[in-house]
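Some notes on the structure that comes next.
The values are calculated or read from the model by the stated rules, or taken from the named source; none is laboratory data. For clarity, every value in this text was computed on a predicted model and none was experimentally measured. Cβ sites come from the backbone with ideal geometry, for glycine too, and all protein chains shown count toward neighbours.
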Amino acid sequence: MPNYLFAFHGGHRFATKKEGQAHMAAWMAWIKNTGDALVNNGQPLGPSWTVGKSGATEGAENAISGYAVVAVDNIDAAIAIAKACPHTNIGTIEVAEEINM
């Protein structure tokens, strides 16, 4: 069964503690509902750097803010799981299949 990387983009700090707690509760429910398909629930990420031939620059136009990995039968199943994720309320999720080499 292939793995799919979820790269979370965007997100924000919540205006109130209550909003943050509600988002975290929704996040934990998503993790529970995703079940065994969630093989790595990832981590939030700090500031990023963009590195290329000409050097390194702090920040990115659409920086990754976290990641997770799911194992499901196909891209459609991965997209369905991503659509159910509460992160879509505050940002976007890029979904890509891991290619085993």
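How many of the residues in region 21-56 are of a type in the set (A, V, I, L, M) and in contact with a Gly (Cβ under 6 Å, 6 or more places away or on another chain)? First the steps, then the outcome.
Narrowing region 21-56 to residues of a type in the set (A, V, I, L, M): 22, 24-26, 28-29, 31, 37-39, 45, 51, 56.
With in contact with a Gly (Cβ under 6 Å, 6 or more places away or on another chain) added as a condition, the list becomes 45.
Number satisfying all stated conditions: 1.
Whether any residue in region 85-97 is surrounded by 14 or more Cβ atoms within 10 Å (Cβ to Cβ), of a type in the set (A, V, I, L, M) and within 13 Å of Pro2 (Cα to Cα) is what I want to check.
Yes, because at least one residue in region 85-97 is surrounded by 14 or more Cβ atoms within 10 Å (Cβ to Cβ), of a type in the set (A, V, I, L, M) and within 13 Å of Pro2 (Cα to Cα).
One line per residue, one yes/no per condition, for (1) within 14 Å of the chain's Cα centre (by Cα); (2) touching a residue at least 12 places away in the same chain (Cβ under 8 Å); (3) closer than 20 Å to Asn40 by Cβ:
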| site | (1), (2), (3) |
| --- | --- |
| Gly59 | no, yes, no |
| Asn62 | yes, yes, no |
| Asp76 | no, no, no |
| Ala80 | yes, no, yes |
| Ala84 | yes, yes, yes |
| Val95 | yes, yes, yes |
| Met101 | no, no, yes |
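Output the residues belonging to region 49-80 that are surrounded by 10 or more Cβ atoms within 10 Å (Cβ to Cβ) and farther than 24 Å from Asn3 by Cα.
First, pick out the residues of region 49-80 that are surrounded by 10 or more Cβ atoms within 10 Å (Cβ to Cβ): 49-50, 57, 60, 62-75, 77-80.
Once the filter is applied, which keeps residues that are surrounded by 10 or more Cβ atoms within 10 Å (Cβ to Cβ) and farther than 24 Å from Asn3 by Cα, region 49-80 yields Trp49, Thr50, Thr57, Ala60.
Looking at region 12-44, which of its residues are surrounded by 10 or more Cβ atoms within 10 Å (Cβ to Cβ), modelled with pLDDT of 90 or more and farther than 25 Å from Met1 by Cα?
Within region 12-44, Glu19, Gly20, Gln21, Ala22, His23, Met24, Ala25, Ala26 qualify.
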